[in-house]
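Take a look at the structure set out below.
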Amino acid sequence: PLAAIDVYRKVKEKIPDVQLLFIASMAHDDPEGWIYYEKTARHAGNDYDIHFLTNIVGVGDKEVNAFQRAADVALQMSIREGFGLSVTEALWKGTPVVARGVGGIKVQVINGKTGFIIKGVNDASEKIVYLLKNKSVRDALGRNGREHVRRNFLITRHLYDYLKLFSKLTARE
């Protein structure tokens, strides 16, 4: 999250009305999570265009869905990640993703087609500024992202793969 704030600050230099929204699912019994949350909030300082929303203050699935659909860009600055569910959720909602190419994100984000794979803060901020200034590109990446998720990550795709496998296995008998 700290790198996301750094990206936001660079973007804000070029697009002053940009806002950053963090949505987190917090556990009451996770002291380390709360320490990091507080560290992130301190890094944000008194910037009123950085917003923190959590399940603790009543932000649930419906609100997350609405925010993901309304976002112009989703940013994922993880330095290590398995399959980033938030990445796929954003893509499914037609929101292009700017992310580091780590772990499963390399499979989820197709550079230049569903979003951008970036190396760091400067690269991320340049790509976000580009997307925010180019709605047609943003919309095209969003459409591509939704289709990419539909073809590769939905349960119906997995069901189809299993049915194909079972059909091949039973045809051999």
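No lab work stands behind these numbers, since they all come straight from the coordinates. Fair warning: this is a prediction, and the values are worked out from it, not measured in the lab. Here the Cβ positions follow ideal geometry from the backbone for every residue, glycine too, while neighbour counts run over all protein chains shown.
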On the given criteria, is VAL149 farther than 24 Å from ILE5 by Cβ, crowded, with 19+ Cβ neighbours inside 10 Å and touching a Phe, Trp or Tyr at 6+ places or on another chain (Cβ under 8 Å)? yes
Just checking, which of VAL59, VAL64, VAL11, VAL87 is under 19 Å from GLU126 (Cβ atoms) and surrounded by 13 or more Cβ atoms within 10 Å (Cβ to Cβ)? VAL11
Where the second residue is part of a strand (DSSP E or B) and buried (at least 23 other Cβ atoms within 10 Å of the Cβ) and the first is of a type in the set (S, T, N, Q) and lies in the stretch 110-128, which pairs have Cβ atoms under 7 Å and are six or more apart or on separate chains? THR114/VAL97
Checking the conditions here, which among SER86, SER136 is within 27 Å of ARG9 (Cβ to Cβ), under 11 Å from the mean Cα position of the chain (by Cα), free of Cβ contacts under 8 Å to residues at least 24 places away in the same chain and assigned to a helix (DSSP H, G or I)? SER86
Of all residues in the stretch 93-133, which are over 15 Å from the mean Cα position of the chain (by Cα) and part of a helix (DSSP H, G or I)? VAL121, ASN122, ASP123, GLU126, VAL129, TYR130, LEU132, LYS133
